[in-house]
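First the structure, in the form of structure tokens, and then the observations on it.
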Amino acid sequence: MYECTMCGRCEEDCTVKIRSPELWESLRSDLQQKGFSLDAIEGLANVLVDSRNTAAKPLGKQVDWLRRAKLSFNPTKKKAKVVYFVGCNTAYFVMAYPIAQSFAHVLDLVGVDFAVVGGEQWCCGHPFLMAGKHEESRDFILHNIGKVKELGADTVLANCPGCYRVWSEEYRKIIQDEHGLNVMHASQFLALAIQEGKIALNEMRERVTYHDPCDLGRNAGVYDEPRYVINSIPGVRFVELEDHRQYAMCCGAGGDLLAVNLRLSQEVAKKRAKQVIETGADILVTSCPSCMKVLGFGTRELDGEVAVMDICQLVYQSMSKPS
């Protein structure tokens, strides 16, 4: 019951369009209510309740990524119209710091006056939802909405697809209300900024492929913006993976599978990594820190000479920066 990654791939081939992720989430919720669970799920839930994040780290560590970012201002401030909601994977795991740093630099260079919630930000609640623990997610969602509104914000930016989905749609079924905030994924913001001429990109000669994160692609319908961003970089040779857009293969990290069955998650990641290597790409780009983590593992296991990076890193790396 807990080995589904909730990726929604089976729905694409379902002749009657059964909403399979919703079905599995509802089933897990029923199991929880009837007292059935797994030690791994309860362990993850306990970590979230005790530390308010998936990394089991003090909340003060949430802004460690800022220390070497060297922004022109400190975004841990009291008021801002735009809030960058930095998800657990990006904020607490050192290997993902460059995602947050890159996106923050882009926002700074574009002239966005933004803030981060910082040490008062809790997990978005997505892991609770994947576990079927809807009531537990409610407190987390309400807390984060409250903290963002305290800053006077009207816009929330997220680089994690799980966070993006919670903020843009899933919160409604939990709190039965509207928060009234404009929500954008980082790839959507980057595409709009490029389209409006706010970002100038330098030439890159690499062959690039793109992995569609399930929660951003199939489950949220965001396919075009990341491809627009990649193809806006002069000189890039873009090649699609064998399975892409709505037919993309899951990376193996979704649905709390990393906590439940690490071996299975890694086997799925290696299958997807094999498709990546077969493209002959120099760079694999994705728009999800979890995808980046497990696909990095998969390509290394298969000895693939492919750089794995988030779309925020790709843009910042290719941006024209003031001297």
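The values are calculated or read from the model by the stated rules, or taken from the named source; none is laboratory data. All of these numbers come straight from a predicted model, not from anything done at the bench. Neighbour counts run over all protein chains shown; Cβ positions are idealised from the backbone, glycine included.
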Inspect the stretch 63-77 for any residue being of a type outside the set (D, E, K, R), assigned to a helix (DSSP H, G or I) and out of contact with any helix residue (DSSP H, G or I) (no Cβ under 6 Å at 6 or more places or on another chain) and give the result as yes or no. yes
If a residue must be aliphatic (A, V, I, L, M), part of a helix (DSSP H, G or I) and surrounded by 15 or more Cβ atoms within 10 Å (Cβ to Cβ), how many such residues does the stretch 32-61 contain? 7
Filter result for S265 (touching a Gly at 6+ places or on another chain (Cβ under 7 Å), in a helix (DSSP H, G or I) and in contact (Cβ under 8 Å) with a residue 12 or more places away in the chain): yes
Subset of the stretch 261-317, residues surrounded by fewer than 17 Cβ atoms within 10 Å (Cβ to Cβ) and either at positive phi or of a type in the set (D, E) (or both), comes to E267, E278, G280, D282, E301, D303, E305
Can you name the residue in the stretch 143-156 that is over 18 Å from S51 (Cβ atoms) and crowded, with 17+ Cβ neighbours inside 10 Å and, of all such residues, is farthest from the chain's Cα centre (by Cα)? L151
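Any residue in the stretch 62-77 that is more than 14 Å from L151 (Cα to Cα), surrounded by 16 or more Cβ atoms within 10 Å (Cβ to Cβ) and either more than 18 Å from the chain's Cα centre (by Cα) or basic (K, R) (or both)?
yes
Return yes when Q275 is farther than 30 Å from L44 by Cα and in a helix (DSSP H, G or I) and no when it is not.
Numbers: farther than 30 Å from L44 by Cα: yes; in a helix (DSSP H, G or I): yes.
Yes.
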Turns out the helices (runs of 4 or more DSSP H) fully within the stretch 179-260 with at least 2 residues that are surrounded by fewer than 22 Cβ atoms within 10 Å (Cβ to Cβ) and at pLDDT 95 or above are 186-195, 224-231
The number of residues in the stretch 162-182 that are touching a residue at least 60 places away in the same chain (Cβ under 8 Å) and in contact with a strand residue (DSSP E or B) (Cβ under 7 Å, 6 or more places away or on another chain) is 2
Mind checking which residues of the stretch 165-178 are part of a helix (DSSP H, G or I) and not polar (S, T, N, Q)? R165, V166, W167, E169, E170, Y171, R172, K173, I174, I175
Closer than 19 Å to A158 by Cβ, within 18 Å of the chain's Cα centre (by Cα), touching a residue at least 60 places away in the same chain (Cβ under 8 Å) and surrounded by fewer than 19 Cβ atoms within 10 Å (Cβ to Cβ): which single residue out of F93, F85, F103 fits that description? F93
So, restricting to helices (runs of 4 or more DSSP H) that lie completely within the stretch 80-156, which ones have at least 3 residues that are more than 30 Å from N261 (Cα to Cα) and out of contact with any Cys (no Cβ under 7 Å at 6 or more places or on another chain)? 97-110, 134-150
